[in-house]
Amino acid sequence: MKDEPNLFDAALKAADNSYSPYSKFRVGAAILCADGSVVTGTNVENRSYGLTICAERSALVKAISQGKRDFLAITIATPDAEYPVSPCGACRQVLSEFFPPDAPVRFGNSETSCVTTTMAELFPFDALHELAEGKAKSS
């Protein structure tokens, strides 16, 4: 996995900035961009829980707002969990819009307790990439 610089460390540091007074569950995300830069984000909760933004989407929105469009990998740190916690369904959907199917996705609660997968494994049957490649057929 292209994990230089240390994306887990960057995600863990981002989790320190979490605004999570309701769940007490800090999350940080770090995206490795094609230009070599790393963009981080954290979860920001709201008392109206549906308005909460996850760390993954926070980092992605920040990267897009900086003009970045080519992403190589993402790592998510959940230091308050007892086990690696994967991205939620909303984040999987949003990430699939910008990450290629073979992009590494790593998530864990510590550097030694991580799962490494790919965008395609995390979000299979992604119609967006099938449509872009002309693979989808109408009936």
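Report, by residue number, each residue of the range 51-89 that is in a helix (DSSP H, G or I), farther than 16 Å from Arg26 by Cβ and in contact with a helix residue (DSSP H, G or I) (Cβ under 7 Å, 6 or more places away or on another chain). Before you say what the answer is, go through the steps one by one.
Restricting attention to the range 51-89, the residues satisfying the condition of being in a helix (DSSP H, G or I) are 51, 55-65, 89.
Applying the additional criterion that residues be farther than 16 Å from Arg26 by Cβ yields 51, 60-65, 89.
Hit for the range 51-89 is Leu60, nothing else.
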Subset of the range 102-113 (residues that are part of a loop (DSSP other than H, G, I, E, B) and surrounded by 16 or more Cβ atoms within 10 Å (Cβ to Cβ)): Ala103
Has the range 12-21 got at least one residue that is surrounded by fewer than 13 Cβ atoms within 10 Å (Cβ to Cβ), among the charged types (D, E, K, R) and modelled with pLDDT of 95 or more? yes
Consider only pairs whose beta carbons are under 9 Å apart and that are at least six residues apart or on different chains; among these, list those whose first residue lies in the range 36-48 and is of a type in the set (Gly, Ala, Ser) and whose second residue is surrounded by fewer than 17 Cβ atoms within 10 Å (Cβ to Cβ) and not in a loop (DSSP other than H, G, I, E, B). Gly41/Val61; Gly41/Lys62
Does Arg69 fit the bill of being within 14 Å of Leu95 (Cβ to Cβ) and either of a type in the set (Asp, Glu) or surrounded by fewer than 21 Cβ atoms within 10 Å (Cβ to Cβ) (or both)? yes
Checking the structure you have, find out if any residue of the range 127-139 is of a type outside the set (Ser, Thr, Tyr), farther than 18 Å from Ser20 by Cβ, crowded, with 16+ Cβ neighbours inside 10 Å and over 16 Å from the mean Cα position of the chain (by Cα). yes
Positions within the range 36-62 being crowded, with 23+ Cβ neighbours inside 10 Å and of a type in the set (A, V, I, L, M, F, W, C), in sequence order: Val39, Ala55, Ala59, Leu60
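The values are calculated or read from the model by the stated rules, or taken from the named source; none is laboratory data. Just so we're clear, the structure is a prediction, and the values are computed from it rather than from any experiment. Quick reminder, even Gly has a Cβ in these numbers, built from the backbone with ideal geometry, and neighbours come from all protein chains shown.
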